[in-house]
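We did not get these values from a lab; they are worked out from the coordinates using the rules stated. In this text the structure is predicted, and so the values were computed from the model without any measurement. Note: ideal-geometry Cβ built from the backbone for every residue, glycine included; neighbour counts use all protein chains shown.
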Amino acid sequence: MSRIGKLPVTVPSGVDVKLGDGELTVKGPKGELHGRILSDVVEVRLDDGKVLVTRKGDAKVHRSAHGLTRTLIANMVEGVSKGFRKSLEITGVGYRVAKSGERLNLSLGYSHPVTFEAPKGVALTVEGQNKIHIDGIDKQAVGQVAADIRRLRKPEPYKGKGIRYEGERIRKKLGKAGKAAKK
């Protein structure tokens, strides 16, 4: 039995969960999310304020979908009640970000400014000139937007310049002069 899959998902007050034909709808104070259920692999049922996921067989596909389905449902419930946030930091001389409308204007050391537009359902906020916050109710969408922004200028290993997740540590390499001094 999956350790994660057998845990019930508690539904907080103010959140409404509805099960349809292979479809799960979660509605809360922050918004509404829809998800598909693999009804031939797992069974999802509501039981007095809790969502329970059980698998229909013991094959590998059943076991792997068991924990995954429970986690996806838990993320939907948490998203519509609390929301998700990822933060990015920009490091480097002359590297900065500014917000104009729903767009981010980034100066990342290229010969041209880079613009990034937020997709629907994700809010971007800028703190100062070097911090970006990504907020939304869909965990996958928030993580994907953060990864897309980071991909614009990944942190380089010599000086650490670029866009990194908040709290991310970059393993730095020694440069050419550092290697000669080490010998």
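A few remarks follow.
- Output for the stretch 144-155, where each listed residue is assigned to a helix (DSSP H, G or I), of a type in the set (A, V, I, L, M) and over 9 Å from the mean Cα position of the chain (by Cα): Ile149
- Checklist (1) in a loop (DSSP other than H, G, I, E, B); (2) in contact (Cβ under 8 Å) with a residue 60 or more places away in the chain applied to Thr69, failing item: (1)
- The listed residue being within 30 Å of Pro12 (Cβ to Cβ) and in a helix (DSSP H, G or I), out of Ala123, Ala141: Ala141
- Tally of residues being surrounded by fewer than 23 Cβ atoms within 10 Å (Cβ to Cβ) and more than 19 Å from Asn105 (Cα to Cα) across the stretch 131-141: 4
- Lone qualifier among Ser100, Ser87, Ser111 - being in contact with a strand residue (DSSP E or B) (Cβ under 9 Å, 6 or more places away or on another chain), of a type in the set (S, T, N, Q) and farther than 17 Å from Arg164 by Cα: Ser100
- Looking only at the stretch 42-84, and only at residues there that are among the aliphatic types (A, V, I, L, M) and in contact with a Lys or Arg (Cβ under 6 Å, 6 or more places away or on another chain), the one that is nearest to Gly162 (Cα to Cα): Val80
- Residue count, the stretch 48-93 (criterion: among the charged types (D, E, K, R) and within 21 Å of the chain's Cα centre (by Cα)): 6
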